[in-house]
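This report refers to the structure that appears directly beneath it.
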Amino acid sequence: MPSLKAIRNRITSVKNTRKITRAIKLVSTAKLRRAQDALIAARPYASAITRVVSELSAVAGTDAHKLFDERPLVKAAIVVVTSDRGQAGAFNANVVKAVERYAANELSGATEVSLRIIGRKGNQYFARRRATVTSFDLAPTGVTALEVARETANRVINDFTSGKVDRVFVAYNEFKSAISQVTRVKQLLPVVPEKVTALTTTAPAGYAAAAEAPSDFLYEPGKQELLHRLVPLYVQVQLYRAALESIAAFFAAQMTAMENATKNAGEMVAKLTLSYNRARQASITKELLEIIGGAEALKG
């Protein structure tokens, strides 16, 4: 059985750890609220630009822009969005495992799969496995997310238009709730426009018909020029949204992990305290027995 001093030291250590995990949880909770606000603000814009690009491609044709070009899969690239720090459970492990599975299954026909990594944890993982890492950037924050998305979008667009890669994907954790994140791997390039449908079944008849038949609209400037400006912006917005989703998902995962760690530390303190009390009681009982034994010996 450990000594009383060893148990006391262990209790002190676990209590200090509990203070740290509780503090990290409070910080991540506060940052999660801000990350959620930024994500909620960006989602309508991302949905709107997706719809505009889809409508324009429906009337102009998918051959109207070079980022719509479908080519045989020979080389592929994956933008991997992870974090710079840990203490978030399986947050980073889920992304890197999803990338490995996707490369081994869906991209098995490709001769080369290169990675553009965002986040120190992802870079550390794939560097140890000698993967083909084309670029590395630190994980995005609320301040740097837009700049990181812009730079990454320019890189992958140049790679695609120059023929260096035939497909570009993005892998990230999508924020669902404070206790739920889903790992996504989505195609970024070539851009696949969504099908244009009526907005709602309760919309006015003329408005719904316009949504189903966008060819009736007049575009100023022309459709080609609009696509030339909007499609690269669409790619950037998709990466920006992925960055914001990853930021919010990271703080949610960290908050949950630290909450569990704090709870486990509390349970461990309770068990150690019980062990300490038992050991202390045993020590006192032993001393009493020795005293009683000595007194009885003196009587005899």
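The values are calculated or read from the model by the stated rules, or taken from the named source; none is laboratory data. Model, not experiment: these values are computed from the prediction. Note: ideal-geometry Cβ built from the backbone for every residue, glycine included; neighbour counts use all protein chains shown. Ligands, DNA and RNA are stripped out before the accessible areas are found, and what is left, the full protein with its side chains, is counted by its heavy atoms. Shrake-Rupley method; radii C 1.70, N 1.55, O 1.52, S 1.80 Å.
Picking from residues in region 156-192 that are of a type in the set (S, T, N, Q) and not in a strand (DSSP E or B), the one that is nearest to Asp37 (Cα to Cα) is Asn158.
Taken over region 157-186, the residue count meeting the criterion of being open to solvent by 20 Å² or more (accessible area, probe 1.4 Å), of a type in the set (A, V, I, L, M) and touching a residue at least 60 places away in the same chain (Cβ under 8 Å) is 4.
For region 121-146, the tally of residues that are outside any loop (DSSP other than H, G, I, E, B), in contact with a strand residue (DSSP E or B) (Cβ under 8 Å, 6 or more places away or on another chain) and surrounded by 15 or more Cβ atoms within 10 Å (Cβ to Cβ) stands at 8. Only one of the listed residues (Ser83, Ser57, Ser47) is hydroxyl-bearing (Ser, Thr, Tyr), closer than 23 Å to Arg120 by Cβ and not in a strand (DSSP E or B). That residue is Ser83. If only residues of region 4-14 that are open to solvent by less than 90 Å² (accessible area, probe 1.4 Å) and touching a helix residue (DSSP H, G or I) at 6+ places or on another chain (Cβ under 8 Å) are counted, the one that is nearest to Asn260 (Cα to Cα) is Val14. Only one of the listed residues (Ala88, Ala153) is open to solvent by less than 20 Å² (accessible area, probe 1.4 Å), assigned to a loop (DSSP other than H, G, I, E, B) and of a type in the set (A, V, I, L, M, F, W, C). That residue is Ala88. If we scan region 41-53, do we find a residue that is crowded, with 16+ Cβ neighbours inside 10 Å and over 30 Å from Ser177 (Cα atoms)? No.
Kindly establish whether Val95 is touching a strand residue (DSSP E or B) at 6+ places or on another chain (Cβ under 6 Å), part of a helix (DSSP H, G or I) and either within 20 Å of Gln238 (Cα to Cα) or β-branched (Val, Ile, Thr) (or both). Answer is yes for this residue.
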